[in-house]
Amino acid sequence: MSFNNIFDAHAHYDDAKFDGDRFELIESLPSKGVCGIVNNSVDLETSKISISYAEKYDFMYAAVGYHPENLDNMPDDYLSRLAKLCEHKKVAAIGEIGLDYHWDIDRDLQKKIFIQQLELAESLKMPVVIHNREAHGDTLEILKKYRPNALVHCFSGSVEMMREVVKLGMCISLGGVVTFKNARHSVEVAKEVPLDRLLLETDAPYMAPVPFRGKRCDSSLILYTAQKIAELRGMSVQSLLDITAENARRFYSI
Ligand code: NI
């Protein structure tokens, strides 16, 4: 049985793991049911690369921004440079931006850069893609204060946090983690999240779903994530793909 309308709300095809076959792989995806991909960026250089993919392929879009792990050597005028990139018609969001407390990175600096990018998004009326790793409390506090039109990607919080995010009018995306054995939180969230707020993603090349866990991930593998979530919710895989693709198009205004 074949499926369509697989929309990958968050991927990184600029990653070195795709160096050997990047364009061949991307070009094979529509025949596997993939209808859209938003390539997320981590700094100015990758933002330009994401835009180049979006220019090359109709079904690809770019999110541009500074990831909290990439704050060394940022140019002083990075905000105006990002703003300039956002004028491109295939830049669909500012992302990925946020907080990462897993690594020892200056937290005040992370918050400052996160907030500056939220303010830029607000001024440009752009949606944002949020990275939150082990920083649930501070992320939620900032989201409550700034109220961006946000997608909290690779959502790793509890059901309670998901409800708070949804109450703020925001969306979440789920990836391969939901298929992992120890994914109690993600499974509960996948069952409980309102269907109109759920997007699917890979975070490719990372987070490949079971049975490909640990291998390189690509957007076609969303099917395995979708199968798991559809089973949890007692619905058909194709209707889950249809609804989440529509949600992605609405969120990114594409
Ligand atoms: Ni990512």
Quiz prompt | From phi via Karplus (6.51, -1.76, 1.60), per-residue ³J(HN,Hα) for region 30-47 in Hz, x at Gly/Pro | solution = x, 6, 9, x, 7, 10, x, 9, 10, 7, 8, 10, 10, 6, 5, 4, 5, 4
Self-check item: Built amide H within the under 5 Å cut-off of Val128, gap 5+
Solution: Ile94, Asn149, Ala150, Leu151
Quiz item: When the helix-only estimate is applied to the chain (DSSP H runs of n ≥ 4, each -39,500 (n - 2.57), divided by the residue count), what is the mean residue ellipticity at 222 nm, nearest 500 deg cm²/dmol?
Solution: -12500 deg cm²/dmol
Quiz prompt | Reference-scaled alpha-carbon Rg (2.2 N^0.38 Å with N residues) for region 1-138 | solution = 1.09
Quiz prompt | the chain, accessible area per residue, ligands and nucleic acids excluded (1.4 Å, Å²) | solution = 45 Å²
Quiz item: What is the diffusion coefficient of region 96-254 in µm²/s, taking the Kirkwood radius over Cα pairs and the Stokes-Einstein relation at 4 °C with a viscosity of 1.567 mPa s?
Solution: 81 µm²/s
Quiz item: Using Cα-only point scatterers and the Debye equation, what is log10 of I(q)/I(0) for region 130-169 at each q in 0.15 Å⁻¹, rounded to two decimals?
Solution: -0.27
Exercise. Within region 119-200, list the trypsin sites (Lys or Arg not before Pro) lying in a DSSP loop whose Cβ has at most 13 other Cβ atoms in a 10 Å radius.
Key: Lys125, Lys181
Exercise. Provide the descending list of Cα extents for region 158-251 along its principal axes, expressed in whole angstroms.
Key: 35, 27, 25
Practice problem: Pull up all non-local amide H partners of His10: gap of 5 or more, or a different chain, and H-to-H distance under 5 Å with H placed in the peptide plane. | Solution: Val38, Thr202, Asp203
Exercise. State the Cα centre-to-centre distance between region 1-72 and region 178-200 in whole Å.
Key: 23 Å
Quiz item: Taking K and R as +1 and D and E as -1, what net charge do the other residues with C-beta under 11 Å from the C-beta of Thr244 add up to?
Solution: -2
Practice problem: Could you pull out every one of the aspartates and glutamates with an alpha carbon less than 20 Å from that of Lys145, ignoring same-chain neighbours closer than 8 positions? | Solution: Glu96, Asp100, Asp108, Glu119, Glu122, Glu134, Glu160, Glu164
Quiz item: Among the lysines, which have Cα under 20 Å from the Cα of Lys181 when same-chain residues fewer than 8 positions away are ignored?
Solution: Lys191, Lys215, Lys228
Quiz item: Residue separation times 0.36 nm, minus the C-alpha to C-alpha distance between Asp21 and Lys145: what's the value?
Solution: 40.4 nm
Quiz item: Using a probe of 1.4 angstrom, how much of the accessible area of the chain is carbon and sulfur, in percent?
Solution: 48 percent
Quiz item: Each residue of region 201-213 in turn: what ³J(HN,Hα) in whole Hz from Karplus with 6.51, -1.76, 1.60 and θ = phi - 60°, glycine and Pro shown as x?
Solution: 8, 10, 6, 3, x, 9, 6, 4, x, 4, x, 10, 3
Quiz prompt | Whole-number percent relative contact order across the chain, with pairs defined as alpha carbons under 8 Å at least 6 apart | solution = 19 percent
Practice problem: Please tell me the relative contact order of region 1-88 in percent, rounded to the nearest whole number, where contacts are Cα pairs under 8 Å and at least six residues apart. | Solution: 26 percent
Quiz item: Which whole-Hz ³J(HN,Hα) couplings does region 105-119 yield from phi under the Karplus relation 6.51 cos²θ - 1.76 cosθ + 1.60, θ = phi - 60°, glycine and proline marked x?
Solution: 10, 2, 6, 5, 5, 4, 5, 4, 5, 4, 5, 4, 6, 5, 5
Quiz item: Straight-line reach from Lys56: which aspartates and glutamates have a Cα under 16 Å away, not including same-chain ones fewer than 8 places off?
Solution: Asp14, Asp21, Glu24, Glu27
Quiz item: What is the ratio of the Cα radius of gyration of region 115-204 to 2.2 N^0.38 Å, where N is its residue count, to two decimals?
Solution: 1.05
Exercise. Figure the gain on full extension for Phe59 and Leu232 (residue separation times 0.36 nm, minus the Cα-Cα span) and round it to one decimal in nm.
Key: 59.4 nm
Quiz item: Out of residues 5 or more away from Asp43 or on other chains, whose amide H comes under 5 Å of its own, with H placed 1.01 Å from N in the peptide plane?
Solution: Gly65, His67
Quiz item: What order do you get for 45-55, 86-96 when each peptide is scored by the mean count of other beta carbon atoms within 10 Å, highest first?
Solution: 86-96, 45-55
Quiz item: Taking a quarter of the surface of the Cα convex hull of region 102-147, what do you get in nm²?
Solution: 3.2 nm²
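The values are calculated or read from the model by the stated rules, or taken from the named source; none is laboratory data. The shown structure was predicted, so the numbers you read here are calculated from the model rather than taken from an experiment. So basically every Cβ, Gly included, is an ideal-geometry build from the backbone, and we count neighbours across all protein chains shown. Quick note on the areas: whole protein, heavy atoms, side chains included, nothing else; ligands and nucleic acids left out. Shrake-Rupley method; radii C 1.70, N 1.55, O 1.52, S 1.80 Å.
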